[in-house]
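Q: Below you'll find the structure I mean.
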Amino acid sequence: MDLSENALEWAKKRISEVDVNVELVCANIFDLDFQQESFDFIYDSGCFHHIAPHRRVSYIEIINRLLKQDGYFALCSFEENGTYGGSALTDEEVYLKRSLEGGLGYTKSQLQEIFNFLEEIEIRKMLPMSTVDPHFGLEGFIVGLFQKNDIKKPF
């Protein structure tokens, strides 16, 4: 899901190179109308760090509602003070400045707290990759992998 048609076209090209079943949707995450527990896997690559603090609760509710039991949620976000962005603003500073300053940066402990309703599998800095490597990896990002299970509940 992305607001950008260009991003979805890029994704279609990548999907055609491998044998996977992926549904692409051009929409705003807050306007999604999918059935509860529709997804085995949700991957956020660059959405979360552009969400204002007051929308985090809605975002968490969406992830929890759409992710199937035992499903996985993966996240790629700006690291705090990262190479490509990641302002270290507090929630209060975001509203005083009326800006995310290009996107908020997160630390491991912040992601652990925000996504504490999911079981943490791993949170770490993204591993930088060379331009010839087939995998994406840039310095200045933080990535996480979580799983939904019966043990933890949001809020």
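Q: For T90 and N6, calculate 0.36 nm times their separation in residues minus their Cα-Cα distance, and state this gained length in nm to one decimal.
A: 27.1 nm
Q: With all protein chains present, calculate the accessible area of E113 using a 1.4 Å probe and round the result to the nearest 10 Å².
A: 140
Q: Looking only at the chain, where both bridge partners belong to it, what percent of the DSSP beta bridges are antiparallel (to the nearest 5)?
A: Bridges in the chain are about 60 percent antiparallel.
Q: For A74, what charge total do you get from the other residues with a beta carbon under 10 Å from its beta carbon, if Lys and Arg give +1 and Asp and Glu give -1?
A: -2
Q: List, in order, the whole-Hz ³J(HN,Hα) value for each residue of the range 14-26 obtained from phi through the Karplus relation with A = 6.51, B = -1.76, C = 1.60 and θ = phi - 60°; use x for Gly and Pro.
A: Here the 3J(HN,Hα) series is 5, 5, 5, 7, 9, 9, 9, 9, 10, 9, 9, 9, 8 Hz.
Q: Now for a different question. Please work out how much accessible surface Y72 shows to a 1.4 Å probe, ignoring ligands, DNA and RNA, in Å² rounded to 10.
A: About 90 Å², ignoring ligands and nucleic acids.
Q: Probe 1.4 Å, all protein chains in place: accessible area of S109 in Å², nearest 10?
A: Around 80 Å² of this residue is reachable by solvent.
Q: Can you compute the charge dipole magnitude of the range 28-69 about its Cα centre, using +1 on each Lys and Arg Cβ and -1 on each Asp and Glu Cβ, nothing else charged? Give it in debye, rounded to the nearest 20.
A: The dipole of the range 28-69 has a size of about 160 debye.
Q: May I pose another question? Grab the other residues whose beta carbon is less than 11 angstrom from that of C47, score K and R as +1, D and E as -1, and report the net.
A: My count for the surroundings of C47 gives -1.
Q: What ranking of K108, K13 comes out by heavy-atom accessible area, probe 1.4 Å, highest first?
A: Ranked from most to least accessible, the order is K13, K108.
Q: I've got another one for you. If you add up the charges near K108, with Lys and Arg at +1 and Asp and Glu at -1, over every other residue whose beta carbon is less than 13 angstrom from its beta carbon, what do you get?
A: -3
Q: Further question on the same structure: Using 0.36 nm per residue of separation minus the Cα-Cα distance, give me the extension gain between D19 and S45 in nm, one decimal.
A: Gain in length upon complete extension: 7.3 nm.
Q: Here is a further query. Ordered by residue, what ³J(HN,Hα) values in Hz, to whole numbers, does the range 125-133 give under the Karplus form 6.51 cos²θ - 1.76 cosθ + 1.60, where θ = phi - 60° and Gly and Pro are x?
A: 5, 5, 7, x, 10, 6, 5, 8, 5
Q: Here are some values of Rg and Dmax of the Cα atoms in Å: [x] 19.8, 66; [y] 15.8, 48; [z] 15.6, 54. Which one was computed from this structure?
A: Structure-derived value, by its label: [y].
Q: For the chain, modelled as a GNM with alpha-carbon contacts under 10 angstrom, which of F115, F48, F136 fluctuates the most?
A: Evaluated over the chain, the most mobile residue of the options is F136.
Q: Okay, next question. So which lysines can K148 reach, going by Cα to Cα under 18 Å and dropping same-chain residues fewer than 8 places off?
A: The reachable lysines, counting only those whose Cα sits under 18 Å from K148, are K68.
Q: For S45, list long-range residues whose amide hydrogen, built 1.01 Å from N in the peptide plane, is under 5 Å from its own amide hydrogen.
A: Residues meeting the criterion, in which the H sits 1.01 Å from N, are C76.
The values are calculated or read from the model by the stated rules, or taken from the named source; none is laboratory data. For clarity, every value in this text was computed on a predicted model and none was experimentally measured. Heads up, the Cβs are rebuilt from the backbone with ideal geometry, glycines too, and the neighbour counts pull from every protein chain shown. Ligands, DNA and RNA are excluded from the accessible area calculation, which covers all protein heavy atoms including side chains. Shrake-Rupley method; radii C 1.70, N 1.55, O 1.52, S 1.80 Å.
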